[in-house]
Amino acid sequence: MSLWNDFQTNSGRTIHKWAHYFPAYERHFAPFVNRPLLFLEIGVGDGGSLQMWRRFFGPHASIVGIDNRSVCLQYADSQISIRIGDQSDVDFLDALLAEFGIPDVVLDDGSHVMSDVCTTFKHLYPKLPRHGVYAIEDLHTAYWPEYGGGHLKDGSFIEYAKTLIDELNADVSHNALPTTEFTNTTNSISFYNSMAFFERGQPLSRYSEMKGSTGHYNR
């Protein structure tokens, strides 16, 4: 059963998701299905998505949900742990990592406040393992003033992510930009409407070859 079908037939706790998120989820999360996995979801809602991820990833997954509402403690279940805290509190995040270990996948569906989103990403993303995936959804709030966003607004995650695109390409910038840890540990950045996925890994060797007998061209 696809993740979309699972969502459509859900009769458990309420899940609130945009329909166009599901193809992106499956594209980026599929490699982790039925494998040992630590999945961290920031923002628990009514607990339904935690149950959905448990069904999707399978019996070897450990699901951790964090929220700042103590009512969410009731959503703990088999394979599902809940911790209460502020996603922008780095001490809380570090305590979480000390307890559960480094997550393979992080999904930020938390406050959607730009300062929170940026703080959490900057703290957690560099700690992810080589194969880790960091996803942020509901990034339309990066354009909404009530969440600290706005078009071209300094401090929005979208504006920050634009600088990460430069960092991803720093080693081919003719020394215009220095390479960073992000350059050397990130394979890809994928943007969708209201979503972004960052995939860590050892970047592939970057070299150009030309094959064939039709001659040379400049580019």
Once both labels are modelled 7 Å past Cα along the beta-carbon direction, what's the Ala170-Asn10 spacing in nm? 3.8 nm
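Give the percent of DSSP beta bridges with both residues in the chain that are antiparallel, rounded to the nearest 5. List each step's numbers first, then the result.
Details: 12 of 31 bridges.
Here the antiparallel bridges make up roughly 40 percent for the chain.
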Per-residue ellipticity at 222 nm attributable to helices in the chain (runs of n ≥ 4 DSSP H, -39500 (n - 2.57) apiece, nearest 500 deg cm²/dmol) works out to -8500 deg cm²/dmol
Given unit charges at Cβ for Lys, Arg (+) and Asp, Glu (-), the dipole magnitude of the stretch 1-101 about its Cα centre in debye, nearest 20, is 440 debye
FRET E, pair Thr179, Leu152, Förster distance 30 Å, beta-carbon r, rounded to 0.05: 0.70
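Given the chain, report the % of alpha carbon pairs whose separation exceeds 31 Å. Walk me through the numbers before you get to the answer.
On the way: 5727 of 23871 pairs.
In whole percent, the long-distance tail amounts to 24.
Hey, with R₀ at 25 Å, roughly what FRET efficiency would Ile189 and Thr214 work out to, going by the Cβ-Cβ distance, to 0.05?
The formula returns an efficiency of 0.15 here.
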Report, ordered by chain and residue number, the aspartates and glutamates lying within cross-link reach of Lys162, taken as a straight Cα distance under 15 Å and ignoring same-chain residues fewer than 8 apart. Asp154
Spin-label model distance (nm) - His140 vs Phe100, 7 Å beyond Cα toward Cβ: 2.8 nm
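Treating the beta-carbon of each Lys and Arg as +1 and of each Asp and Glu as -1, no other charges, what is the dipole magnitude of the chain about its Cα centre, to the nearest 20 debye? Intermediate values should be presented prior to the final figure.
Numbers: 17 positive and 26 negative charges, 157 e Å.
The dipole of the chain has a size of about 760 debye.
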Can you grab the distance from the C-alpha centre of the stretch 118-135 to the C-alpha centre of the stretch 1-55, Å, no decimals? 19 Å
Shape call for the stretch 93-152 from the C-alpha gyration tensor, a ≥ b ≥ c root eigenvalues: rounded (a/c under 1.5), prolate (a/b greater than b/c) or oblate? prolate
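Every read-out reported here was derived from the displayed coordinates using simple, explicitly stated rules and does not represent laboratory data. From a predicted model like this one, the values you see are computed outputs, not experimental measurements. Ideal geometry is used to build each Cβ from the backbone, glycine not excepted, and the neighbour counts take in all protein chains shown.
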